[in-house]
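Only one structure is covered here, and it is reproduced in the block below.
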Amino acid sequence: MTHDHDLVLRPTEAQTAAALNPPAGRNGGDLVVETLAALGTTTVFGLPGQHALGMFDALRRSDLRYVGLRVENNAGFAADAYGRITGEAAPLLLSTGPGALTSLAALQEAAAASAPVLAISSQIPSAGLGGGRKGYLHELPDQSASFRGVVKSVHTVRTQSQIPSAIEAAWKSALTAPHGPVWVEIPQDVLLSPTQIPVVTGGDAFPEELPPRVELTAVAADLLSKAARPAIIAGGGVVRSDASRKLRQLAEALQAPVVTTPGGKGAFPWNHPLSLQSWIEDRYVTDFLEEADVLLVVGSGLGELSSNYHTFKPRGRVIQIEADLGKLESNHPALGIHADARLALQALLETVEEREDVHAAERVRGVLERVAARIASQELTLEQDVLASVRRALPSDSPSFWDMTILAYWAWSAFDAKGPNLLHSAQGAGGLGYGFPAALGAAVADPTRPVLAVSGDGGALYSIAELATARQYDLNVTWLIVDDGGYGILREYMTDAFGEATATELTRPDYVALAESFGVPGVRTSAETLETDLAKALGEPGPSVVVLPAVLRMFAATHLG
């Protein structure tokens, strides 16, 4: 009798011949790129370094497309965006020590935003591993320890035969919900040594699904069906799991108002009658959510930004669907459902009973009117006009990538993303320099659409070197730089807290002239001409820079009492 687990796929004669006679001139680096290709990779990002040259030489013998950036952290941001846009694990090839460590901030953002990044780093030669101090260039006592608290999983390789399995395991980890960055490291000598291991041809590292427990979704469906005032908070997990349509179906079945977090932008239609849009930092919305007798939180850990800076205190029953086990009930007691958002929403759709609520849309309208009146009372016409100009200039199907800058903070609450997976920012970890290199990664992923990057002048200086990358690969990215002469939001924070700001003012270059020195067209605009200038730049192929000299202000916070 034959059991399923006894079945083995037998190689063809051609495969056997190829395995017995692998081509000459291959090394451990070839095993890396062959495994990536077998897994379906077409594009890799990175930066070469001495210990990693075996991998980079192997690229020459492969069909993989290499996109090289000028700073490892920026390469990480580009891989992050590529992963967000494609849903694939984006390979990031790095060298040892300083090169590896320079990527840490980008990997932290990928972890916070659940972006699948497959970082593959070299290591010092095997003889230097084990804790002794041999004095190799780039040597660290324990390189992987620097990444263990940041990435989802760490995979160490010590022999060539381990390379295919380690990369496949990392790939699977990166794409299993919640998505995230993973770390593989391979010693220099393992990468450089000739290999007789057969060419890697198989790569079926399918990620594991994360279905909900049926007894939990049954209780959740019953609570939602019987609720008098249900409401929904939709986070980034809805976007990452491609569950926006299921979210809309459930909201309409329950007549439940929906607000999206900064990470969940576009998960619910902006102008839907049940849409509270993204005003999750507004006290009127916070109060509305606190009054819900049953609150469904999907794909959000209700962290600082998504809880109006931890002032949100729900009074009703909370149901939390979250793929990251560490975030489940981490901020509020709930009926916690550890599951992928798409699978959990599908389970609820199959069991929930439809509700009627003729006043739900009216209540939503009332909240949004109060929010609008609050903003209008603060005389922030310039800020609203600038954001509206960006929205009109940006094609509705184009993605945008926002650095940590005042205009981005406005966008979290007030910008219509026009759909899921179209607006991305660094709000997960909150580091500077994300916008432009991330936009480059998105342009690599889909060259058919123009991509917008938005930075302040402070954040722009983190990634200015990537103008060379944009030009080298002729990437279709328009970079809007809002130049206020410093770290604008920190200037506001310090002035409010201490009466004056310190260390926030910057000497900065002429960004238009600087862009043109890279061969990238640049234009200086104004609030009045922004829409026209930005639309023109987005409409022309290749990279471009639009500089807006403006001092923008934030709307007043509502969490301070």
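Across the stretch 546-560, the qualifying residues are those that are over 25 Å from the mean Cα position of the chain (by Cα) and closer than 30 Å to residue 312 by Cβ, and the one among them that is surrounded by the fewest Cβ atoms within 10 Å (Cβ to Cβ) is 560. Hey, can you tell me all the residues within the stretch 301-326 that are open to solvent by 10 Å² or more (accessible area, probe 1.4 Å) and within 20 Å of residue 429 (Cβ to Cβ)? Of everything in the stretch 301-326, those that are open to solvent by 10 Å² or more (accessible area, probe 1.4 Å) and within 20 Å of residue 429 (Cβ to Cβ) turn out to be 301, 303, 304, 305, 306, 309, 310, 322, 323, 324, 325, 326.
Among (1) of a type in the set (S, T, N, Q); (2) open to solvent by less than 70 Å² (accessible area, probe 1.4 Å); (3) modelled with pLDDT of 95 or more; (4) within 20 Å of residue 232 (Cα to Cα), which single condition is residue 351 missing? Here residue 351 meets the rest and fails (2). Residues of the stretch 130-145 that are out of contact with any Phe, Trp or Tyr (no Cβ under 8 Å at 6 or more places or on another chain) and closer than 26 Å to residue 105 by Cβ: 136, 137, 138, 139, 140, 141, 142, 143, 145. Restricting the stretch 159-197 to residues that are open to solvent by 10 Å² or more (accessible area, probe 1.4 Å) and of a type in the set (D, E, K, R) leaves a set whose member that is nearest to residue 80 (Cα to Cα) is 172.
Looking at the stretch 20-106, the helices (runs of 4 or more DSSP H) lying wholly inside it that each contain 2 or more residues that are closer than 18 Å to residue 180 by Cα sit at 72-86, 98-101.
For the stretch 510-545, enumerate the residues that are assigned to a loop (DSSP other than H, G, I, E, B), open to solvent by less than 50 Å² (accessible area, probe 1.4 Å) and of a type outside the set (A, V, I, L, M, F, W, C). Result: 519, 525, 526, 542, 543. For the stretch 166-225, what are the residues that are of a type in the set (Lys, Arg) and in contact (Cβ under 8 Å) with a residue 40 or more places away in the chain? Of everything in the stretch 166-225, just one residue is of a type in the set (Lys, Arg) and in contact (Cβ under 8 Å) with a residue 40 or more places away in the chain, namely 213. Restrict the check to the stretch 25-37 and report whether at least one residue is of a type in the set (A, V, I, L, M, F, W, C), modelled with pLDDT of 95 or more, crowded, with 16+ Cβ neighbours inside 10 Å and touching a strand residue (DSSP E or B) at 6+ places or on another chain (Cβ under 7 Å). The answer is yes; a qualifying residue exists. Looking across 389, 398, one residue alone is in contact (Cβ under 8 Å) with a residue 40 or more places away in the chain and in contact with a strand residue (DSSP E or B) (Cβ under 7 Å, 6 or more places away or on another chain). It is 398. A single entry from 82, 66 fulfils the requirement of being without any contact (Cβ under 8 Å) to a residue 40 or more places away in the chain, open to solvent by 10 Å² or more (accessible area, probe 1.4 Å) and within 20 Å of residue 174 (Cβ to Cβ): 66. Every listed requirement among (1) in contact (Cβ under 8 Å) with a residue 40 or more places away in the chain; (2) open to solvent by 70 Å² or more (accessible area, probe 1.4 Å) is met by residue 496 save one, (1).
Screening 503, 417 for residues that are open to solvent by 10 Å² or more (accessible area, probe 1.4 Å) and either within 22 Å of residue 180 (Cα to Cα) or of a type in the set (Gly, Ala, Ser) (or both) leaves exactly one candidate, 503. Which residues, counting only those in the stretch 218-248, are farther than 22 Å from residue 367 by Cα, under 28 Å from the mean Cα position of the chain (by Cα) and not hydrophobic (A, V, I, L, M, F, W, C)? Answer for the stretch 218-248, where residues must be farther than 22 Å from residue 367 by Cα, under 28 Å from the mean Cα position of the chain (by Cα) and not hydrophobic (A, V, I, L, M, F, W, C): 236, 237, 240, 241, 242, 244, 245, 246. For the stretch 238-247, the criterion of being at pLDDT 95 or above, under 25 Å from residue 378 (Cβ atoms), of a type outside the set (Val, Ile, Thr) and in contact with a Pro (Cβ under 7 Å, 6 or more places away or on another chain) is met by none of the residues. Checking the structure you have, find out if any residue of the stretch 264-277 is open to solvent by less than 30 Å² (accessible area, probe 1.4 Å), in a loop (DSSP other than H, G, I, E, B) and among the basic types (Lys, Arg). Yes; the residues of the stretch 264-277 include at least one that is open to solvent by less than 30 Å² (accessible area, probe 1.4 Å), in a loop (DSSP other than H, G, I, E, B) and among the basic types (Lys, Arg).
Would you be able to tell me the number of residues in the stretch 186-208 that are under 12 Å from residue 124 (Cα atoms) and modelled with pLDDT under 90? Looking only at that region, the number is 0.
The values are calculated or read from the model by the stated rules, or taken from the named source; none is laboratory data. Please read these numbers as outputs of a predicted model, since none were measured by experiment. Glycine also receives a Cβ, built like all others from the backbone with ideal geometry; neighbour counts cover every protein chain displayed. Surface accessibility is based on the protein's heavy atoms, side chains included, excluding ligands, DNA and RNA. Shrake-Rupley method; radii C 1.70, N 1.55, O 1.52, S 1.80 Å.
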